[in-house]
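Let me begin by presenting the structure, written as structure tokens, before commenting on it.
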Amino acid sequence: MRKQIAAANWKMNLTVEQAITLLDEIVSKNIKLSENQEAVFGVPFPYLLLAKDRISDNKNYFVAAQNCYTKESGAFTGEVSAAMLSSLDIKYVIVGHSERREYFSEDNQTLSLKVDACLKNNLKPIFCCGESLEIREAGTQNDYVETQLKESLFHLDPSAIKDFVIAYEPIWAIGTGKTATADQAQEMHAHIRNVLEKKYGNEIAQSVSILYGGSVKANNAKEIFSKPDVDGGLVGGASLNATEFAEIIKSLKS
Ligand code: 13P
């Protein structure tokens, strides 16, 4: 069975003391995960190693970076390469979050290079896609997301897409409290899986974990995650609260 993942995206939040308190509080809840379940903590770069250390006793708990640069090394002041992240022995990198697309001008072509950099360095991208409110209102969200996938991922071999992780995050649902309904999420996730199937075949499409992101909370996670093509969530605001995020982890399908 494909992986069911509750992934926190802390974004640019928390001091180091707050980060330690939050991680320790979640770990103290001692939530046991089954073989196909994972809890992932997407923390700011300065906290990667300490986060890895704090969760190290928990099976299937992993750390994610929130970004990486396309280049391996060199004179790129302020950037962090996939090779550096790999040397920290972390598992995931969030690639192409809508905030990176919007505020840092990351386009589908740049993101294809970031995906390549991750894979070359044995890091698993959590590749984000999703449409704006304008596109949703025009009814063209399926084509829009399909183009995002095609332009950033479809150069990859089937072996690279097997067990891949995609996060569908409609921009209009991020940080707004306006969640997509479970049915809207399922509809888009099924579309994404169908797009993958057309290119890579059913077996590979079925192996890809597709997470939903956008105002996931303790009180809606179970319903959203229960949908057949929703394999967990990428969680912003609610991941900054130990009780909320613990409940979200517990809402994963087994
Ligand atoms: P919220 O859960 O705060 O809506 O954020 C979603 C998100 O952007 C996760 O990457």
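Quick notes on this structure:
- Other-chain or far-sequence residues with amide H under 5 Å of ASN67's (modelled H): ILE94
- Integer Hz, Karplus 6.51/-1.76/1.60 couplings in order for segment 190-198, x for Gly and Pro: 5, 4, 4, 5, 5, 4, 5, 5, 4
- Segment 9-82: GluC sites (Glu not before Pro) in DSSP coil with no more than 16 other Cβ atoms inside 10 Å: GLU35, GLU72, GLU79
- Theoretical gain in end-to-end length, SER73 to VAL16 [0.36 nm per residue, Cα-Cα removed]: 17.8 nm
- Across segment 62-75, computed HN-Hα scalar couplings (Karplus, 6.51 cos²θ - 1.76 cosθ + 1.60, θ = phi - 60°) run 9, 10, 10, 7, 9, 5, 7, 8, 6, 8, 6, 6, x, 7 Hz from first to last residue, x flagging Gly and Pro.
- Kirkwood-based shape ratio for segment 1-53, expressed as Rg/Rh from alpha carbons: 0.99
- Residues SER73, SER132, SER112, SER86, sorted so that the one with the fewest Cβ neighbours within 10 Å comes first: SER73, SER132, SER86, SER112
- Calculated FRET value between SER34 and LYS162, using beta carbons and R₀ = 25 Å, to 0.05: 0.75
- Inter-site label distance for MET1 and HIS155 at 7 Å from Cα along Cβ, in nm: 3.6
- Note on LYS11: lysines with a C-alpha under 20 Å away, same-chain residues under 8 apart excluded, are LYS52, LYS91, LYS114, LYS124, LYS178, LYS217.
- Packing-based exposure ordering (other Cβ within 10 Å, fewest first) of SER209, SER239, SER105: SER105, SER209, SER239
- Cut-off of 10 Å, at most 12 other beta carbons, DSSP loop: longest stretch of the chain lacking such chymotrypsin sites (Phe, Trp or Tyr not before Pro): 105-254
- Nearby aspartates and glutamates by direct alpha-carbon distance to LYS3 (threshold 12 angstrom, same-chain neighbours under 8 apart not counted): GLU35, GLU38, ASP163, ASP229, ASP231
- Trypsin sites (Lys or Arg not before Pro) lying in DSSP loop within segment 44-141, provided at most 13 other Cβ fall within 10 Å: LYS59
- Across all directions, the average flat footprint of the convex hull enclosing the Cα atoms of the chain is 12.4 nm².
Every number here is computed from the coordinates shown, using simple stated rules; none is lab data. None of these values were measured; they are calculated from a predicted model. Cβ atoms come from the backbone with ideal geometry, glycine included; neighbour counts cover every protein chain shown.
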